[in-house]
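Some notes on the structure that comes next.
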Number of protein chains: 2
Amino acid sequence: MKFGFWNLGFGIWNFLILCAAFLAGCTQQTTPPVQTANNTLDKMKIVDLTHDFSRETVYWVTAKEFELDTVFAGVTEQGFYYTANDITTAEHGGTHIDAPIHFAEGKLTVDQIPLESLMGAAIKIDVSEKALQDPDYLISVDDIDRWEQEENTPIPDGSIVLFYTGHSTYYPDKKKYLGTEQRGEEALDSLHFPGISPEAAQWLIDNRNIKAVGLDTPSLDYGQSKNFKTHVILLSENVPGFENLANLEQLPASGFQVIALPMKIKGGSGGPLRMIAIMNP
Amino acid sequence: MKFGFWNLGFGIWNFLILCAAFLAGCTQQTTPPVQTANNTLDKMKIVDLTHDFSRETVYWVTAKEFELDTVFAGVTEQGFYYTANDITTAEHGGTHIDAPIHFAEGKLTVDQIPLESLMGAAIKIDVSEKALQDPDYLISVDDIDRWEQEENTPIPDGSIVLFYTGHSTYYPDKKKYLGTEQRGEEALDSLHFPGISPEAAQWLIDNRNIKAVGLDTPSLDYGQSKNFKTHVILLSENVPGFENLANLEQLPASGFQVIALPMKIKGGSGGPLRMIAIMNP
């Protein structure tokens, strides 16, 4: 019996061309990512979202600042060069992570946060136009809504959400970035920088499924906050925060992934963070 | 004029099927990895190669050990829970990176190491069978050669090379892992743990193109080294080292990538490192 398919004027020669065309389309798809140029980590475009740690690093006005003590630097008796330092820092200074326990008793310490929560697809919500006009700017539900309208999608499940206020351009000028060069309790009322409104934080928890949040200011809550309600809302739900991020201006609104690897301090409430973004090919 | 292509018995209907088939093959290829299951970072199997930092963390016998001072832990006057700590550490303790400048004057400090050198395809050379029999074991050119024979390939260009000695199973038992529980200068002669022989380090520099090396002992050089020649050879060529790695037993000989993100200490000779491996799909 002659198979009906061929009766449609579809000869064996054409069928072979069809197969070849299909396979040509498939080839790269079936090759593991590591062997295709655009998918290897070492060939992707990387952006470092981290400020370095030095005497200039911005800390909370009541927190211990970064210190580096040189133990040795020079040529040893045995004839080789050697240098090493000791460091001291508050967990919460410079580019760092807030672990859930920082403001939520019994929640995850920094070493307990699953790595899966700290890496993966991310988005950037740019509020810099308004936040650069107003050092007390509160990121709103409207700001999130505008991103979703412009991107024509809800924030995808499992996203890491970054807010770009533009204030990283002031870093490490404490007067401009924190609102004051003073230190100590008496400086607390002079803190002025944007943060995430408690309403926006609660909206994200109630309506979207996010892994973590981050921004380019010293705190998830704005400078004038006294009750740190945004911290409490997010960290109580085991959603960690990334603070004092750098180079967010280099990121698009979507189409990138981030990797946030904090120092693994046992029982820590946070700690120094090295965070990078990887552009999707 | 009728176009000759159609004269080959290749009607417009068949041409459209051909196009559809090709596009079906292409579809996933043109979709960014973030939307395909196997290519997203957040869906890949991850291994944490990092020991945590605590009072138990293993340091060089002459180095300052890890300290955590609790600044506050409890409910504040305003009624919310809060906790934060200060930390002190030598750059070189626990899971950490040796920046090139550590043993090579004028070479890269930890903040200057390009991120591209710290991530990408990696291999594991397992020397545990011999190294667990001999605490003074020196990893040799033969060990590297054996990996290349077994994998049937030279170490690929741009690899990060990890050596698994099995000694991480002793961590943090200082007597077993370092060879001594003593501290200070007088303990230096009692250090016993495996390292990379200067000959193997030089062979890698001369014959292969590697980005970085790492192992699960306290030092690139073995415990009895007095001249730290392996450090000098590798770091002089701006090849950083990862020390006191964890969980290498969970890695295959090849087919994985690593991401090593150190604390970004300006001018640092090294520092706390969070390092992970990602299995190729």
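The values are calculated or read from the model by the stated rules, or taken from the named source; none is laboratory data. Everything numeric here is computed off the predicted structure, so don't read it as measured data. Please note: Cβ atoms are built from the backbone with ideal geometry, for glycine as well, and neighbour counts cover all protein chains shown. Surface areas here come from the heavy atoms of the whole protein model, side chains and all, with no ligands, DNA or RNA. Shrake-Rupley method; radii C 1.70, N 1.55, O 1.52, S 1.80 Å.
Brief remarks on what is shown
- Per-residue ellipticity at 222 nm, computed for chain A from helices alone with -39500 (n - 2.57) per DSSP H run of at least four residues, works out to -5000 deg cm²/dmol.
- For chain A, the longest principal axis of the C-alpha atoms and the axis of helix A:198-207 are separated by about 30°.
- Cut-off 14 Å between beta-carbons: net charge of the residues surrounding B:Gly241, Lys and Arg +1, Asp and Glu -1: -3
- Long-range HN-HN contacts of B:Ile196 with modeled amide H, under 5 Å: B:Ile139, B:Asp221, B:Tyr222
- For chain B, built as a Gaussian network whose Cα springs stay under 10 Å, the top-fluctuating residue of B:Ala99, B:Ala63, B:Ala84: B:Ala84
- Expected-Rg normalisation [2.2 N^0.38 Å, Cα atoms] applied to region B:63-102: 1.77
- In this simple spin-label model, placing a label point 7 Å from the Cα along the Cα-to-Cβ direction at both B:Glu185 and B:Gln133 gives a separation of 3.8 nm.
- With respect to chain A, whose longest principal axis is taken over its alpha-carbon atoms, helix A:12-26 is tilted by about 0°.
- Here the accessible area is traced with a 1.4 Å probe on the protein chains. For the protein assembly as shown, carbon and sulfur cover 50 percent of it.
- Taking amide hydrogens as placed 1.01 Å from N in the peptide plane, the amide H of B:Tyr164 sits under 5 Å from those of B:Ile125, B:Asp126, B:Val127, each at least 5 positions away in sequence or on another chain.
- You can think of it this way: the chain between B:Asp157 and B:Ile205 has 16.1 nm of extra reach, that is 0.36 nm per residue less the Cα-Cα gap.
- For chain A, the Rg and Dmax computed from alpha carbons only, in angstrom: 24.5, 94
- Distances in nm from A:Gly74 to the matching label points in the other copies, shortest first (labels 7 Å along Cα to Cβ): 4.7
- Sorted from closest to farthest, the other copies place their B:Glu148 label points 5.7 nm away, with each point set 7 Å from Cα along Cα→Cβ.
- Modelled this way, with points 7 Å down the Cα-to-C-beta line, the labels at A:Glu150 and A:Glu116 are 3.2 nm from one another.
- Helix A:141-151 axis, angle to chain A major axis (alpha carbon atoms, nearest 10°): 30
- Cα-based shape type of the protein assembly as shown, given that a ≥ b ≥ c are square roots of the gyration tensor eigenvalues and the cut on a/c is 1.5: oblate
- Computed from the C-beta positions of B:Glu67 and A:Glu105, the FRET efficiency with R₀ = 30 Å rounds to 0.80.
- Shown for region B:108-152: residues covered by the partner protein chains by 50 Å² or more of accessible area relative to the chain by itself (probe radius 1.4 Å), namely B:Leu115, B:Met119.
- Computed over region B:197-281, Kirkwood Rh from alpha-carbon pairs, angstrom: 14.2
- Dividing the convex hull volume of the alpha carbon atoms of region A:81-140 by its residue count gives 235 Å³ per residue.
- Residues of region B:110-141 falling in the label zone of A:Lys43, defined by backbone nitrogen less than 13 Å from a point 7 Å along Cα to beta-carbon, are B:121.
- Inter-copy label distances at A:Gly184 (7 Å, Cα→Cβ; nm, one decimal): 4.0
- Sum of side-chain charges, A:Glu148 neighbourhood, beta-carbon under 11 Å (Lys, Arg +1; Asp, Glu -1): -3
- Across region A:118-126, computed HN-Hα scalar couplings (Karplus, 6.51 cos²θ - 1.76 cosθ + 1.60, θ = phi - 60°) run 10, 8, x, 4, 9, 10, 10, 9, 8 Hz from first to last residue, x flagging Gly and Pro.
- Interface between chains A and B: roughly 7000 Å² of accessible area buried, both sides summed (probe 1.4 Å, protein heavy atoms only).
- Residues of the protein assembly as shown: accessible area per residue with a 1.4 Å probe, Å²: 42
- Annotation: Cα Rg of region A:102-196 relative to the compact-globule expectation 2.2 N^0.38 Å equals 1.32.
- Long-range amide H partners of A:Leu245 with built H, under 5 Å: A:Leu215, A:Asp216, A:Thr217
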